[in-house]
Amino acid sequence: RPLRAKSRLLAHLADIQPHGHDWAQLVFSMTGAVRVNTEASTYIVPPSRAVWIPPRVVHAVSAIEQCDLRTLYLGPELLAGKAWQLGRVLEVSPLLRELVLALPATPDPAPPESREDAERHRGIEGLILMELRRARPLALGVALPQDARLRRLCEAMLHEPGRHAGLQAWAAE
């Protein structure tokens with residue numbers, strides 16, 4: 001199947017270690033905020049937003065708070081074009097949210113039992129693709145610096161924001 005869904009409950013501060021996929025991925029949470037890190041950017045997204053991750057982009061996911069994480073995996077042929085080769089934050093419409101909930105969220109779901117079920121599934125997939133094409137991109141990503149020393153400091157601020165009481169202590173570090 002060229003479009004698959006997965007659900008996963010993540011506890012507060014749970015991490016999914018850096019990894020990549022041959023397929024594109026849409027990451028969002030039904031409840032709770034998540035942080036998605038790539039080599040180029042860090043995205044902090046609330047439930048009404050999602051992160052588009054192109055194929056073969058290494059990424060990690062962290063639960064900022066307890067969350068009900070949803071992931072769509074999309075075959076590379078489903079959303080072609082230059083815009084889909086870049087990671088970004090997308091708005092999740094109420095319709096897209098409900099369509100994702102309607103998909104089986106197990107890694108290898110059983111095939112539809114009837115022709116009607118198969119048609120329904122294909123219809124849901126088609127509507128998801130339409131909603132993704134219509135989804136408004138949002139500027140919620142933060143580009144990380146290329147300088148290795150500054151990048152380490154920025155990553156430390158993201159992982160341990162309370163390590164220093166204020167900006168002066170961070171600047172001293």
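Quick notes on this one:
- Using the Cβ-Cβ distance between Glu160 and Arg1 with R0 set to 41 Å, the FRET efficiency works out to roughly 0.55.
- Distance between the 7 Å Cα→Cβ label points at Ala102 and Leu127: 0.2 nm.
- Relative frequency of Cα-Cα separations exceeding 21 Å in region 93-173, percent: 58
- With every protein chain in place, the chain: carbon and sulfur % of accessible area (1.4 Å): 56
- Looking at region 16-70, the accessible area is 37 square angstrom per residue; that uses a 1.4 Å probe and ignores ligands, DNA and RNA.
- Centre separation in Å (Cα based) which lies between region 98-173 and region 29-87: 2
- Largest-first ordering by accessible area, 1.4 Å probe, given options Met30, Met130: Met130, Met30
- Full-stretch length increase - Val58, Thr31 - with 0.36 nm per residue and alpha-carbon distance subtracted: 7.3 nm
- Taking the Cα centre of region 61-173 as reference, the dipole from Cβ charges on Lys and Arg (+1) and Asp and Glu (-1) amounts to some 540 debye.
- Residues of the chain were split at every exposed loop site, defined as trypsin sites (Lys or Arg not before Pro) in a DSSP loop with at most 15 other C-beta atoms within 10 angstrom, and the longest piece left, sites excluded, is 57-162.
- Charging the Cβ of each Asp and Glu at -1 and of each Lys and Arg at +1, and nothing else, the dipole of region 1-121 about its Cα centre rounds to 260 debye.
- At R0 = 30 Å, FRET efficiency that the Cβ-Cβ distance of Arg134 and Ala40 yields, to 0.05: 0.75
- Eigen-decomposition of the gyration tensor built on the alpha-carbon atoms of the chain gives equivalent ellipsoid semi-axes of 33, 17, 14 angstrom, largest listed first.
- Largest to smallest in accessible area, the residues Glu155, Glu116, Glu125, Glu98 fall in the order Glu116, Glu98, Glu155, Glu125 (1.4 Å probe, all protein chains included).
- In Hz, Karplus ³J(HN,Hα) per residue of region 71-77 (6.51, -1.76, 1.60; θ = phi - 60°; x = Gly, Pro): 9, 10, 10, 10, x, x, 7
- Angle in degrees between helix 148-159 and the longest Cα principal axis of the chain, rounded to the nearest 10: 70
- Solvent-accessible ranking of His19, His159, His59, His121, largest area first, probe 1.4 Å: His159, His19, His121, His59
- Taken along the Cα-to-beta-carbon direction at a fixed 7 Å, the label points for Ala172 and Asp147 span 2.0 nm.
- Across region 1-129, C-alpha contacts under 8 Å between residues 6 or more apart give a mean separation that, scaled by the residue count, equals a relative contact order of 32 percent.
The values are calculated or read from the model by the stated rules, or taken from the named source; none is laboratory data. What you see is a predicted model; the values in this text were computed from it and never measured. Don't worry about glycine lacking a Cβ; one is built from the backbone with ideal geometry, like all the others, and counts go over all protein chains shown. In case anyone asks, the SASA skips ligands and DNA or RNA and just uses the protein heavy atoms, side chains included. Shrake-Rupley method; radii C 1.70, N 1.55, O 1.52, S 1.80 Å.
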